[in-house]
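Right, one structure below, let's go through it.
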Amino acid sequence: MKPDRPARRRVLTGGLAALGTAGLAAPAVARSARLWRMATSWPKNSPGPGMTAERLAERITTMSGGALRVEVFGAGDLLPPLEVLDGVSGGTVEMGHSASFFWRGKMPAAVFFTAVPFGLTPGEHAAWITQGGGQELWDELYAPLGVKPLMGGNSGMQMGGWFTREITSLDDLQGLKFRIPGLGGEVYRRLGATAVVVPPGEIFAALQSGLIDGAEFLGPWSDAAFGFYKVAPYYYWPGFHEPNGTGECLINQAAFDALTPELQAIVTAACEAENAYALAEADWQNAARLKWLVAEKGVQLRAFPSDVMAGARQEAVAVLDDLAARDPMSAKILPSYRTALERARDWSRVGQGAFLAARDG
């Protein structure tokens, strides 16, 4: 039955009134909006983490209806790429996007929250953070700096890296200068290589100039965008040093505490959404880009020799034990991480691992 004319008039009048109220309220919202600045460790809009940072900012801005606007600055625009944590901690910016293993010199235990050699995969890592007490340990580690850390993206499983010459045995690592951060760098050092930390935006130039003999960054999608294949034709797998690629959203704790509970929930939900989206994007894009690199660019895809893998696996255990022996927070985090790894290993062996082996025949 159609509504009578007075009823329709009331609906129309009410709708116009609501629109008018919304129009009047908009300037008030704009006046009270907060503006956060996000400094990143990535060249602006670079495939993978650079795009993740942009989407994360957009998610927060949109979900909050503009009440919290986030402006993104690429590496070096506001802060040097490896000083993002300091900038967030000191209040220079309210927010940052980076990777925790960059802070190894300041906080050795930070490496657990990006990647551990032969450690947790992306799904397993997320399970540890959200279900196994990892977030609480992460919060405790960063609390003295006044920083709230959250998972804010994931670049997925990594490749082993680019080399200017073939690696046919463990002997070929002796004296090799390899760009690699985190605990993976310590593993390489113990295998005879020299681990070098170079910001992402400077890797290509370092390879081209001969400053380094090889470099790892992320997966085929991001690596191809940086053009590493032009100066280092050998691309090795697996990425044993970095089986997970969690992007770290860093938030100044005082700035976060100043938000309303609703805005805090929006920031948290935006990070969760981007974490899932970025991992799916990385898996999709990496698969296509790997084929392109081999078929179109003549990249030489290689598996690491068995003696390199055996040596790396052995050293990875020793690296973690030594880290825990000299750093109290690492000693506290390591048992939790290893418990999560053992729990994941048992399930992955009969679950995903067994299925993938069966699917491939």
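Couple of notes before you dig in:
- Residue match in the range 340-348 (condition: of a type outside the set (A, V, I, L, M), more than 25 Å from the chain's Cα centre (by Cα), under 21 Å from F112 (Cα atoms) and modelled with pLDDT under 95): yes
- Condition met for F240 (in contact with an Asp or Glu (Cβ under 7 Å, 6 or more places away or on another chain), in a loop (DSSP other than H, G, I, E, B) and either within 20 Å of G182 (Cα to Cα) or not basic (K, R) (or both)): no
- Residue match in the range 256-270 (condition: among the charged types (D, E, K, R), in contact with a helix residue (DSSP H, G or I) (Cβ under 8 Å, 6 or more places away or on another chain) and modelled with pLDDT of 95 or more): no
- Any chance R345 is assigned to a helix (DSSP H, G or I), under 19 Å from A126 (Cβ atoms) and free of Cβ contacts under 8 Å to residues at least 24 places away in the same chain: yes
- Subset of the range 166-185 (residues that are over 23 Å from L320 (Cα atoms) and charged (D, E, K, R)): E166, D171, D172
- Looking only at the range 264-307, residues that are closer than 17 Å to G48 by Cβ and of a type in the set (D, E) come to 3 in all.
- In the range 294-318, the qualifying residues are those that are surrounded by 15 or more Cβ atoms within 10 Å (Cβ to Cβ) and touching a helix residue (DSSP H, G or I) at 6+ places or on another chain (Cβ under 6 Å), and the one that is nearest to V231 (Cα to Cα) is V299.
- Enumeration of residues in the range 42-78 that are among the small types (G, A, S) and within 16 Å of F256 (Cβ to Cβ): A57, S64, A67
- Just one of the listed residues (E58, E71, E83, E54) is part of a strand (DSSP E or B), under 22 Å from the mean Cα position of the chain (by Cα), among the acidic types (D, E) and at pLDDT 95 or above, namely E71.
The values are calculated or read from the model by the stated rules, or taken from the named source; none is laboratory data. Given the structure is predicted, the values throughout are model-derived calculations rather than measurements. Glycine gets a Cβ as well: all are built from the backbone with ideal geometry, and neighbour counts include every protein chain shown.
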